[in-house]
Amino acid sequence: MLRQHTENYRKAIEDKQPVKQLKKLKAEMFPMLMPAARFKDGREMEHLVSYTCLCQCDIDNIPSDIMEEAKRRVRELPFVVMYHVRMSGHGLHVYYFYQIPKCGLTTQVYQQAFIQGNERIANAIPADYDPAVGKANHGSSFCHDPEAWFNPDAVPLKVDMTLNAQKRSKKDHIANSSAVTEQMWPAAWTVEKVFAFAQDCVNKSSTGEFAHGNRNNYLVRLP
């Protein structure tokens with residue numbers, strides 16, 4: 001039954017049904033959970049009882065020709081416990097565990113766990129994630145995906161509270177829509193500055209953009 005509901009929902013998207021109608025279909029036909037926290041007597045933040053050490057990452061509009069590579073890269077992240085294709089059929093919904101730091105599990109810890117985990121997942125693909133999913137009471141609907149992946153041996157993400165990572169602005173994208181050539185560089189982008197930036201990326205290769213799984217993120221200067 002879930003398979004048929006999923007097919008019907010995606011057909012409704014293709015038919016450009018109103019957003020209100022799509023929300024109604026999702027609410028009526030698909031199971032939902034709130035993975036980030038436990039609630040009692042309601043699903044507003046005031047009803048939050050405790051956090052679960054689980055976060056979600058929602059990435060939409062992954063091109064079909066790189067979907068399998070995107071899945072492979074996500075599977076290489078040790079803290080990811082599960083993923084399935086999004087309701088739209090054009091993205092991934094990812095779930096991951098995080099470790100409680102010595103300061104204890106607070107709202108600030110959860111926020112850092114969300115940002116740091118989502119940044120690592122999205123940079124691995126690379127693609128943009130939905131920051132709205134960071135709300136602890138944000139629901140996650142399950143759809144049919146015969147290739148959904150589950151990792152029972154996931155190792156929780158270590159949250160670094162010294163980073164104080166900030167939310168991205170709406171204009172701050174992870175994935176570039178097009179290549180930036182040297183002719184397009186601002187005047188302040190000297191060759192020396194760009195080289196220094198590239199060298200810094202390489203120096204951080206164990207965790208940064210040049211880490212294994214991010215091989216397509218590169219900077220090159222042609223003669």
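Points worth noting:
- Among ILE62, LEU105, ALA154 the positive-end extreme of the charge dipole of segment 31-158 (Cβ point charges): LEU105
- For segment 20-37 versus segment 39-76, the gap between their alpha-carbon centres in whole angstrom: 14
- Estimated distance in nm for a label pair at TRP189 and LEU33, the labels positioned 7 Å out from Cα along Cα-to-Cβ: 4.4
- About the Cα centre, charge dipole magnitude for the chain (Lys/Arg +1, Asp/Glu -1 at Cβ), debye: 380
- Within the chain, longest stretch clear of exposed chymotrypsin sites (Phe, Trp or Tyr not before Pro) (DSSP loop, no more than 15 other Cβ within 10 Å): 1-141
- For the chain, averaging the sequence separation of C-alpha pairs within contact (under 8 Å, six or more residues apart) and dividing by the residue count gives a relative contact order of 23 percent.
- Antiparallel %, DSSP beta bridges [both residues in the chain], to 5: 90
- Cα-based Lys proximity count in segment 1-102, under 26 Å, for pairs eight or more positions apart or on separate chains: 11
- Helical segments meeting 20 Å axial Cα length and Kyte-Doolittle -1.0 threshold in the chain (DSSP H): 107-124
No value in this document is a laboratory result; all are computed from the given coordinates. Just so you know, these numbers come straight off a predicted model, no measurement behind them. Glycine gets a Cβ as well: all are built from the backbone with ideal geometry, and neighbour counts include every protein chain shown.
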